[in-house]
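Here's the structure, in structure tokens; my notes come after.
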Amino acid sequence: MLAALGAMALLVAVTVGSVSMTLSELWLAIGGGGDPLFRELVFSLRLPRALAAFATGGLLALAGALMQVLLRNPLADPYVLGISGGAAVGALASMLLGLGTAMVSGSAFAGALLSTLLVFGLAQGRGSWTPTRLLLTGVVIAAGWGAVITFMLSLSPADRLPGMLYWLMGDLSYARSPWLAWLVLIPVLIVTLPLGRSLNVLARGPLQAAALGVAVKPLAWLVYGLASLLTAVAVTTAGSVGFVGLIVPHMLRLVLGNDQRIILPASVMAGGALLTIADTLARTLMAPEQLPVGVITALLGVPTFLFLLYRSR
Amino acid sequence: MAILEASNLVVDIPGRAAGQPFSARILPGQRWGVLGPNGAGKSTLLHTLAGLRPPRSGQVLLDGDCLTQLRRRQLAQKLAVVFQERQDSFPATVQETVLIGRHPFLSPWQRESGSDLRLANQAMDALSLRLLSDRLVSTLSGGERQRVAIATALTQQPAIWLADEPTNHLDLHHQVAVMELLHRQAEQGAAVFMCLHDLNLAARWCDHLLLLYPDGELCFGPAETMLVPEALERLYDQKLSVGQINGVPVFVPG
């Protein structure tokens, strides 16, 4: 059902826009016939953007689901350990220097990796590694990045500010190529699927998991590494889109229960569908103006989540 | 059947001098009880025997192999641990929780089969949890959760049970039911090693006792040789009165 929802979201995203088309016109365009304008529109504008939105949503929701289990904390999201902060500092620095889109993406990725390694190294410390320690290290580093971001925003010239703010809220209009996101999303999903039951056991605490035969430390580091990679790629593709990573796994847990073997793939589909729909709305609601997609994900997600939470046991 | 052996084992309790080394074999069919005051290191010993904490010195062997050379999965196929504390940060039903006892026996892609489900249902029956099977663990009482933990270990079908106060939070009826269950497990060839607070349960249900003194001193042996009132009074720093009911000694403070 979620797969069907995902396909629907992609279909709507491709047909709706400043120039709307019917399904038959879309079919013709995909088949290589019909109006050349439509073909151009579908293949070089709407389809790449819709695919990028879907992949980014999937990356964020999967990263969020993994982080929540790893930290055994329902408040965890892909950004809680400061990855988006590092990426934002990288991206804003490139924007401040007036570099091109490719450099913005590249430095965002570099910033995300730097932040990951920093948290990884510092949380190891001298003593034993615990989720609390990792969480605290991440939160403090995120706060540090926040200060640097504010500092950079206050220094930047007025004509660059809107672009920077859009990046910070999440924006898919620069996402021209969805391939990196898909190239990371699909293998990581395939790697995490057989880990599902071990993650179910890990959710009951490291001692219990170890007693049930889980090699806790290697598993925890693997999950941390994968979640960081997912987040870094998502942030590189679309800036820091909030909310998807926190809320989508929770919504699914409220509906489907807490079996990671179901939650992980379902998060990819639901996160992808949500972000695709949100991005379609973001570029059509106030067309030709484009809204930051992060605003729409929050406006759609908050009431849905509250409704599910209110209705649940 | 499996044999757990401690060889010159000294547990690592931070900030405390090394205690007396512990060397013993826990054989199939034996029921060991560990007695000692708060903070004597009962749980630490149990975790060390389960390979969950490194010892300060010495080693623990399972069927002759040092625990550090075994993979956790191999270990979990033979040895189950019932913990004193449990975490449940995410909601899960009783049945789901009991079923994770099959984890060590399933490969990553494998799903639980009908026989796994049957084992989980038998374990829930054995601990009278069947009616609670769809309830969320977080909504249960302390005693019910304790029974869920024991049912999870039972689903693991271990050759060796390491139980940290298995009767915690349980009412009198369930205390006896759990002790009878562990007794039956031992009769069927399992080795049981448990920390206990209740001297009378230990006297009634254990055939070997290990006394852990707060200064790291220890002594162990067959239960009847260990239940000496003077030794127990020194162990707990508490005067005891001793009676006899049906041939079993009964200890009352005072």
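If you go through region B:97-120 and pick out every residue that is among the polar types (S, T, N, Q) and in contact (Cβ under 8 Å) with a residue 24 or more places away in the chain, you end up with 1.
Among the helices (runs of 4 or more DSSP H) confined to region B:45-155, the ones with at least 2 residues that are more than 10 Å from chain A (Cβ to nearest Cβ) are located at B:94-99, B:114-126, B:142-155.
When region A:39-92 is limited to residues that are in a helix (DSSP H, G or I) and within 14 Å of chain B (Cβ to nearest Cβ), the one that is nearest to the chain's Cα centre (by Cα) turns out to be A:G64. Exactly one residue out of B:L27, B:L4 is at pLDDT 95 or above and surrounded by 17 or more Cβ atoms within 10 Å (Cβ to Cβ), and it is B:L4.
Scoring B:L170 on the criteria (1) assigned to a helix (DSSP H, G or I); (2) out of contact with any Pro (no Cβ under 6 Å at 6 or more places or on another chain) leaves a single failure, condition (1).
Residue check: is A:A210 within 8 Å of chain B (Cβ to nearest Cβ) and closer than 10 Å to A:V69 by Cβ? No. Among the residues of region B:30-50, not a single one is over 18 Å from the mean Cα position of the chain (by Cα) and not basic (K, R). Quick check on my filter: what residues within region A:278-295 are surrounded by fewer than 24 Cβ atoms within 10 Å (Cβ to Cβ) and among the hydrophobic types (A, V, I, L, M, F, W, C)? A:L281, A:L285, A:M286, A:A287, A:L291, A:V295 - these are the residues of region A:278-295 that are surrounded by fewer than 24 Cβ atoms within 10 Å (Cβ to Cβ) and among the hydrophobic types (A, V, I, L, M, F, W, C).
Given B:L240, B:L182, B:L162, which one is more than 30 Å from B:N121 (Cβ to Cβ) and either modelled with pLDDT of 95 or more or not assigned by TED's automatic domain parsing to the domain that holds B:D63 (or both)? Going through B:L240, B:L182, B:L162 in turn, just one is more than 30 Å from B:N121 (Cβ to Cβ) and either modelled with pLDDT of 95 or more or not assigned by TED's automatic domain parsing to the domain that holds B:D63 (or both): B:L240.
Of the numbered criteria (1) assigned to a helix (DSSP H, G or I); (2) under 16 Å from the mean Cα position of the chain (by Cα); (3) not aromatic (F, W, Y), the one B:M194 fails is (1).
Residue-by-condition table, conditions (1) at pLDDT below 95; (2) polar (S, T, N, Q); (3) assigned by TED's automatic domain parsing to the domain that holds B:C195:
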position: B:G58; (1), (2), (3): no, no, yes
position: B:L61; (1), (2), (3): no, no, yes
position: B:G64; (1), (2), (3): yes, no, yes
position: B:T68; (1), (2), (3): yes, yes, yes
position: B:A92; (1), (2), (3): yes, no, no
position: B:E96; (1), (2), (3): yes, no, no
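Scan region A:258-305 for residues that are acidic (D, E) and within 14 Å of another protein chain (Cβ to nearest Cβ) and report the count. Here the count works out to 1. Going through (1) in a loop (DSSP other than H, G, I, E, B); (2) in contact (Cβ under 8 Å) with a residue 12 or more places away in the chain one by one, A:L114 falls short only on (1).
Would you confirm, using the coordinates I've provided, whether A:A102 is under 17 Å from the mean Cα position of the chain (by Cα) and within 24 Å of A:A282 (Cβ to Cβ)? In short, no.
The values are calculated or read from the model by the stated rules, or taken from the named source; none is laboratory data. Here the structure is a predicted model, which means the values were calculated and not measured. Heads up, the Cβs are rebuilt from the backbone with ideal geometry, glycines too, and the neighbour counts pull from every protein chain shown.
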